[in-house]
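Taking it in order: structure first as structure tokens, then the write-up.
Since every read-out is calculated from the coordinates, none of them should be taken as a lab result. Bear in mind that the values here come from a model prediction, so they are computed numbers and not experimental data.
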Amino acid sequence: MPAPATPAYATLSAVFPSTPFSAAVPQKKAPPAQPSVVSLYPYASTTDEAKKLGKETQAELRHASEVAQREVGKIDMYSPKFYAACTIGGILACGLTHTAVTPLDLVKCRRQVDSKLYRSNIQAWRTISSAEGIRGIFTGWSPTFFGYCAQGGLKYGGYEFFKKFYSDLAGPEQAAKYKTAIYLAGSASAEFIADIALCPLESVKVRMQTTIPPEFKGTTEGLRSVVAKEGFGGLYKGLYPLWGRQIPCEILFIPGAGVGPDADRTIDTMMKFASFETVVEMIYNYLPKNKDQYGKGVQTTVSFAGGYIAGILCAIVSHPADVMVSKLNANRQSGEAFGAVMKRIYGEIGFAGLWNGLPVRIVMIGTLTGLQWLLYDSFKLFVGLPTTGGPVPEKVK
């Protein structure tokens, strides 16, 4: 039998024991790994960049807060520095927010004066922008800014002052029992004074917003014109309805509502729910941890939520007086008595007319109130003070 042309498998295995036959078969190589999209485009992830930006912003704010606290020094509660900080916080909270919603306020005022002028907010803004330009949508921003800066500083700073003042008058035990009545008195007192500063600028604002084209080009011109035509009193002819609009609103806006230790069983449920500090207490009592165990983000979110809920009901309670403010500043005749003009306006618009523009105002006041408390408490945290409101303290025994 002739010898085979190739060595047998056994012979090959004996000569090359470390190399199995299967190794001689070429294996398919895995394709090289493709670089990921992130490695090619390191800034493609919007989420990652947003998180990075957020962390950097928080770090900058913490640094700025630390610098501010070092410069100002420790702020003791109810010290002059404390009241100054609350006043500055109120200026920022009210001045910036009211100015930001000027377009809503403009449409609200015009629809209160003439309910048939616009069909909707969107249609109103389109009409105004086409006739007056984008600047027309912000008609009245200047008196709004200056007026509510003054009002905000006096309101927030004054509220903290009067709350402490009335608590000291009552004494520790009575102050604890009648806490909500003291809050009510403090907020009403602060608002009473704050509206005196606001009224002249509110008068100019309303006249600018309810005349087409605007009667005045700016705040200074408006103040001079009103004083020249009607005297200094012309700037205050809307003060009574302004008090009627703002003070009931502040009773809901800032304090809890009630008049005594048994108030929980006797006060109106909706009013108590609407009050800012009570809503904040309810939120913290619902949350699983104590207020001081939460970070700044949670605390300011609670402030915004409490303010927004209170603001919605503020808008409803104070809206008839707000309509009267707009009507009085736009239609009151020279020398006309306050009672007479109120009767005349009500005869013209009726009860239903007192609610013109309410949906717009609900959105505006709810947003305003929430943002104001957000800014105010954020500023307090910035300078090292605690946020407003919280769980109900233990009763004095």
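Summary table
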item: Cα shape, region 75-382, gyration tensor, a/c 1.5 rule; result: prolate
item: Residue-span extension gain [residue 134 to residue 290] - 0.36 nm each, minus C-alpha spacing; result: 51.5 nm
item: Cross-link pairs beyond the 25 Å C-alpha cut-off, checked among 229/327; 237/343; 163/237; 163/289; result: 163/237; 163/289
